[in-house]
Amino acid sequence: MRFAGGAGVEVIAHRGASMELPEHTFAAFDLALRQGADALELDLRATADGHVVVLHDPTLARTHGDPRPVAQVRLADLPAAPAVLTLAGVLERYAGAARLLLELKPGGAPAEAVVRQVTGTRGVVLQSFDRFALRRVARCAPGLAVAPLYTSRPTARQLDRAARGAEGVGVPHELVDAALVGAVHRRGLRLRAYTANEPAELLRLAALGVDGLITDAPARARAALARVESAAA
């Protein structure tokens, strides 16, 4: 796979196999790996007492029916079901078994705290929409792989800037076309398309040669890749 130095397209499970099971749970991550995911994507925030936990939203409302902001709750006081995972727990269970794409949420877990936990772990990329967070990562750990995320199509200037320190970029799947794939690859970057779930779209992206398919449905992505590989044989 291009990600981590090989060839081909990587299936990246967005919060696990989250189309089928509750996001950011061991069950969702385990199912994703059984379905052929190469990497797990997860979001990081910090609790009131400084623990790095795996949650997307700033509050517990959507996932746990609890209106409290994550940043105002101590780890011991988080809801028990579904259990809120810690980054330490994820690393213990999956480091070495899967690559990890960790997103630093704006206003979420401090970059320095995350870096301390992941330093020395192979196959980790830190991504974020927050450029300042990625700069802090670069200062703390210059050798750690980072990838900026974009909500719109990145310009040539943005890609040039990314190429000076990042290993890849993340772009909304609907904005990806052959021209963008070429522009990203000419700069030595990897292109990950997020978050694609429909079979036809996964097939289109795989045929374009993106480096990563970020998806809630890893089994669909794996099937799309198999079709592309079969057609090329």
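The values are calculated or read from the model by the stated rules, or taken from the named source; none is laboratory data. Since we're looking at a predicted model, the values are computed, not measured. Cβ coordinates were reconstructed from backbone atoms using ideal geometry, including for glycine residues, and neighbour counts include every protein chain displayed.
If we keep just the residues of segment 90-109 that are among the small types (Gly, Ala, Ser) and assigned to a loop (DSSP other than H, G, I, E, B), which is surrounded by the most Cβ atoms within 10 Å (Cβ to Cβ)? Looking at the filtered set, the residue picked out is 109. For segment 126-135, the condition of being farther than 25 Å from residue 31 by Cβ, of a type in the set (Phe, Trp, Tyr) and either loosely packed, with under 13 Cβ neighbours inside 10 Å or touching a helix residue (DSSP H, G or I) at 6+ places or on another chain (Cβ under 6 Å) (or both) holds for at least one residue. Quick check on segment 152-168. Is at least one of its residues among the acidic types (Asp, Glu) and closer than 14 Å to residue 212 by Cα? Checked segment 152-168: at least one residue is among the acidic types (Asp, Glu) and closer than 14 Å to residue 212 by Cα. The single condition from (1) closer than 21 Å to residue 192 by Cα; (2) loosely packed, with under 15 Cβ neighbours inside 10 Å; (3) in contact with a helix residue (DSSP H, G or I) (Cβ under 9 Å, 6 or more places away or on another chain) that residue 143 fails is (3). Just so you know, in segment 54-89 the residues that are basic (Lys, Arg) and part of a loop (DSSP other than H, G, I, E, B) include one that is surrounded by the fewest Cβ atoms within 10 Å (Cβ to Cβ), and it is 74. From the list 147, 138, the lone residue that is at pLDDT below 95, under 20 Å from residue 106 (Cα atoms) and touching a Gly at 6+ places or on another chain (Cβ under 9 Å) is 138.
Looking for something surrounded by fewer than 18 Cβ atoms within 10 Å (Cβ to Cβ) and under 19 Å from the mean Cα position of the chain (by Cα) - is there at least one such residue anywhere in segment 32-50?
First, the residues of segment 32-50 that are surrounded by fewer than 18 Cβ atoms within 10 Å (Cβ to Cβ): 34, 36, 48-50.
Going one step further and asking which of them are under 19 Å from the mean Cα position of the chain (by Cα), we end up with 34, 36.
Looking through segment 32-50, at least one residue is surrounded by fewer than 18 Cβ atoms within 10 Å (Cβ to Cβ) and under 19 Å from the mean Cα position of the chain (by Cα).
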